[in-house]
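The values are calculated or read from the model by the stated rules, or taken from the named source; none is laboratory data. Just so it is clear, the model here is predicted, and its values are computed rather than measured. Neighbour counts run over all protein chains shown; Cβ positions are idealised from the backbone, glycine included.
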Amino acid sequence: MCLGIPMQIQKIDGNVAKAVLSGTTRQIYLDVLDEEAQVGDYVIVHAGFAIHKIDEKEAKETLDLFEEAGVLSPGSDNDHGVH
Amino acid sequence: MRRPGFFRRVLITIMEYIDEYRNPDRIEHLVAHIRDISRKQIKLMEVCGTHTVTIFRNGIRDLLPNGITLISGPGCPVCVTPIDGIDRAIALAQKEDIIIATFGDVLRVPGSETSLLKQRGEGADIRVVYSAYDSLRLAKQNKNRQVVFLGVGFETTAPTMAAVIQRAKEGQIENFTVLSMHKVIPPALEALVQSPELKIDGFICPGHVSTIIGTEPYMPIARDFGVPCVIAGFEPLDVLQAIILLVRQIEHGEAKVEIQYRRAVSPKGNPKARDVMMEVFELSDSLWRGLGSVPRSGLKIASPYGDFDAERRFDITPANGREPPGCLCGDILRGLKRPPDCSLFKKACTPESPVGACMVSSEGACAAFYKYST
Amino acid sequence: MKRKQGKVTLDHGGGGRASRELVQSYFLPRFNNPFLGKLDDSAVVDFPPGRLAFTTDCYVVDPIFFPGGDIGMLAVNGTVNDLSAQGAQPLFLSAAFILEEGFALVDLERIVISMATASREANVSIIAGDTKIVPKGKGDKIYINTTGVGLVQDDVDISGSNAKLLDKVILSGPIGDHGIAVLSQREGLAFDTDLRSDSAPLNQMVEEILSVTREIHVMRDPTRGGVATSLNEIAAQSGVGIVLTEATIPVKEEVKSACEILGLDPLYIANEGKLIIFVPPEHASRVLERVRQNQHGREARVIGEVVADHPGRVVMRTRTGGTRIIDMPLGEQLPRIC
């Protein structure tokens, strides 16, 4: 449950956008995206709809953490989930 | 990491935001770290079917130390749709003037007597679509026929369905309805965690469902039941990193909700998608294959949108949907049994002739086990 | 008969003047050879001594025109390749057409021209043919059957049952182009790609391979069902196991991304210009080098080998360290959301 593909927005026309992943383009819908989308943004696409704008900074940090063996130390500002 | 290019037409060498998370060297690195920090015997449940596939496809079970057991959970929306749901869809498909629009995932699932694929061979008009919007387009193109869309999926898909239903209402489309079999995940997790037979030490939580719902719905599980939850992405590095975070929590005696999949999930989720979803749907009790009836876990179309509810428009009396004898899907979905424990697995039940949904769904535990275990 | 406009009618299949005019205006001038020109009931040819390879195939692809080709080009190259994969030198083809009433003559012409071009490139002649017309609704624009004969040399013994332990498996180039190119034209999937069908004749490549060594055990052109299907068939026929290495399998990024988006697997997607070759390890690098010198084999790789384990099964070592069984596909690959 749930193929969600990262795609980059190339063109926007109302609630419809054209997005691309590695040379394959698709028409996607922006109806349920919670942020204003801009051309050049990367979004996660599920069943033809953009559901989230990819946070590039977070993406990079995640990759950096892989280098450090991916340990989030408790209490750091990376820790979203202390509840 | 290679900086994502802006419309990089000339040199296409990787799939951005995908390939970097599949790097084999980094995988070794993370696996070594898991071995270092893992002390206790623990059972982790990956809830989501797509996680089951990633774990199998990348041989993650084989890479983990013996102390860590991964159990597949009920996060495959096709697998948990009871036979009754499939039978109702088939009953509709058999009506003359109806076009059934469906995601490809549902086509081969066996009902009590037949499947949608077989019905298509018998002449039923069944069309595979990729997006809910495609089904609305079908309705506009076939004004003298009724189009019924089979709504299957969790909180990732339900908002997209809701948006399309809203459009249908705005456009006053008269020949479009949805048979909603959508479900929501957190109540099922709570049912599992309360199950006395199942001792789960941590949940690998679904990534894209969480994009929509955020961290809040998982809190009762961590807070009231003391079970750590980590929301994970779908690439192998994501899953391994999520396992590291779970192991750390468990080793430190903590229980909280953490996000590994930070590039796609924020703690508040996607409020707009949730609003759209709850504008069109309302929660109802729902039957889950394997789990039985789970309170407030299904999405029913709310009365303001009742015109688009296939249940209201059509009189559907399905066959008496019963689990086929010997099928262990129920226990497998609850994490109590594994596919090889089922007497039908690989014998009477194979991908070519599946008995239960767990074998026919591309993400079913049995299908994954069959395809990916040597 | 008006060229370049007009539609196929039932008269064209009646056997009378309209039929004859169809043949003489459309087929004869394009396929242009003395055998066809005779318009006899059968073509009679002098056949060189040796074993005759014989194959037939039907082509019903929809849409009939797609990026990189059309149904006609497929019909020629597909049958040429079935002969070539058998180690035969393709010599003659027949072409039979079932046309739906109302099919545009200008489309027919385009397809016939395409077949003529393809047969010239493959150096084969279309020496026999037939056309039938079916009423509107009883067909789907155009169906084509091509049957081909070729010559197999005495010291060539290629068969799906000949795979031997330790054979290397060579794949002539990137997979999935054709299937994705065709899918991109299908109504409702709404994705765009620059991918084109890889349809191409492989007889030249086969000739070059056989000039390196005659000890080729198996060759197959992986069409419907993709590489996965062909390899499974061979594993079963030969009673051997096959192990692939995912990192070595050539796939274009555009195919990968289209597959990610639709939830498909390139290993199961159709190809129309690729060859799989099973060759003993001592000849593998020379064969590989030769294939790479061919215009259709520039990206050839060794992708796996034959093993004694798991006979009849194809298994793949994934990039990320796991092992996957590569099973036969059930049937049609369906796009999915989960």
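Could you please find all residues in segment C:248-259 being assigned to a helix (DSSP H, G or I), of a type outside the set (Val, Ile, Thr) and surrounded by fewer than 20 Cβ atoms within 10 Å (Cβ to Cβ)?
Once the filter is applied, which keeps residues that are assigned to a helix (DSSP H, G or I), of a type outside the set (Val, Ile, Thr) and surrounded by fewer than 20 Cβ atoms within 10 Å (Cβ to Cβ), segment C:248-259 yields only C:253.
For the condition within 14 Å of chain A (Cβ to nearest Cβ) and at pLDDT below 90, what is the one hit in B:121, B:111, B:104?
Only one candidate passes the filter, namely B:104.
Sort out which residues of segment C:296-323 are touching a Ser or Thr at 6+ places or on another chain (Cβ under 6 Å), within 13 Å of chain B (Cβ to nearest Cβ) and basic (Lys, Arg), and write them in order of number.
Passing the criteria: only C:317.
Grab the strands (runs of 3 or more DSSP E) fully contained in segment B:228-297, keeping just those with 3 or more residues being without any contact (Cβ under 8 Å) to a residue 60 or more places away in the chain and either polar (S, T, N, Q) or away from chain A (no Cβ under 11 Å) (or both).
B:281-288
I'd like the full set of residues that are surrounded by fewer than 24 Cβ atoms within 10 Å (Cβ to Cβ) and over 17 Å from residue C:86 (Cβ atoms), limited to segment C:269-286.
C:280, C:281, C:282, C:283, C:284, C:285, C:286
Looking at C:180, C:242, which one is within 28 Å of residue C:72 (Cβ to Cβ) and among the hydrophobic types (A, V, I, L, M, F, W, C)?
Unique residue meeting the criteria: C:180.
Within segment B:213-233, identify whether any single residue is modelled with pLDDT of 95 or more and closer than 30 Å to residue B:176 by Cα, and answer yes or no.
Yes, the conditions are met somewhere in segment B:213-233.
Cβ contacts < 7 Å: first residue under 16 Å from residue B:239 (Cβ atoms) and more than 8 Å from chain A (Cβ to nearest Cβ), restricted to segment B:27-41; second residue outside any helix (DSSP H, G or I) and modelled with pLDDT under 90, any location; separation 6+ or different chain. Result?
B:27/C:320; B:27/C:321
Across segment B:322-338, which residue is nearest to the chain's Cα centre (by Cα) among those that are crowded, with 17+ Cβ neighbours inside 10 Å and of a type in the set (A, V, I, L, M, F, W, C)?
Looking at residues that are crowded, with 17+ Cβ neighbours inside 10 Å and of a type in the set (A, V, I, L, M, F, W, C), I get B:333.
Would you check which residues across segment A:1-55 are of a type in the set (D, E, K, R) and within 8 Å of chain B (Cβ to nearest Cβ) and list them?
The answer is A:31, A:34, A:55.
Are any of the residues in segment A:32-55 outside any helix (DSSP H, G or I), farther than 19 Å from residue B:270 by Cα and at pLDDT 90 or above?
yes
Would you point out which residue out of B:14, B:42, B:68, B:37 is more than 28 Å from residue B:366 (Cβ to Cβ), at pLDDT 90 or above and not hydroxyl-bearing (Ser, Thr, Tyr)?
Checking each option against the conditions leaves just B:37.
Could you list all residues from segment B:188-227 that are facing another protein chain (nearest Cβ under 9 Å) and not charged (D, E, K, R)?
B:206, B:207, B:208, B:209, B:211, B:212, B:215, B:218, B:219, B:222
Right, residue B:123: part of a loop (DSSP other than H, G, I, E, B), of a type outside the set (D, E, K, R) and under 26 Å from residue B:54 (Cβ atoms) or not?
So residue B:123 fails the test.
Give segment B:334-374 a look and list any residue that's among the charged types (D, E, K, R) and away from chain C (no Cβ under 13 Å), or say none.
Result: B:334, B:337, B:338, B:341, B:347.
So, in segment B:146-178, exactly how many residues are away from every other protein chain (no Cβ under 14 Å) and crowded, with 24+ Cβ neighbours inside 10 Å?
3
When you go through (1) touching a helix residue (DSSP H, G or I) at 6+ places or on another chain (Cβ under 8 Å); (2) under 30 Å from residue B:251 (Cβ atoms) one by one for residue B:43, which number turns out not to apply?
It is condition (1) that residue B:43 fails.
From the list C:157, C:192, C:177, pick out the single residue that is of a type in the set (D, E, K, R), buried (at least 19 other Cβ atoms within 10 Å of the Cβ) and not assigned by TED's automatic domain parsing to the domain that holds residue C:95.
Result of the check over C:157, C:192, C:177: C:177.
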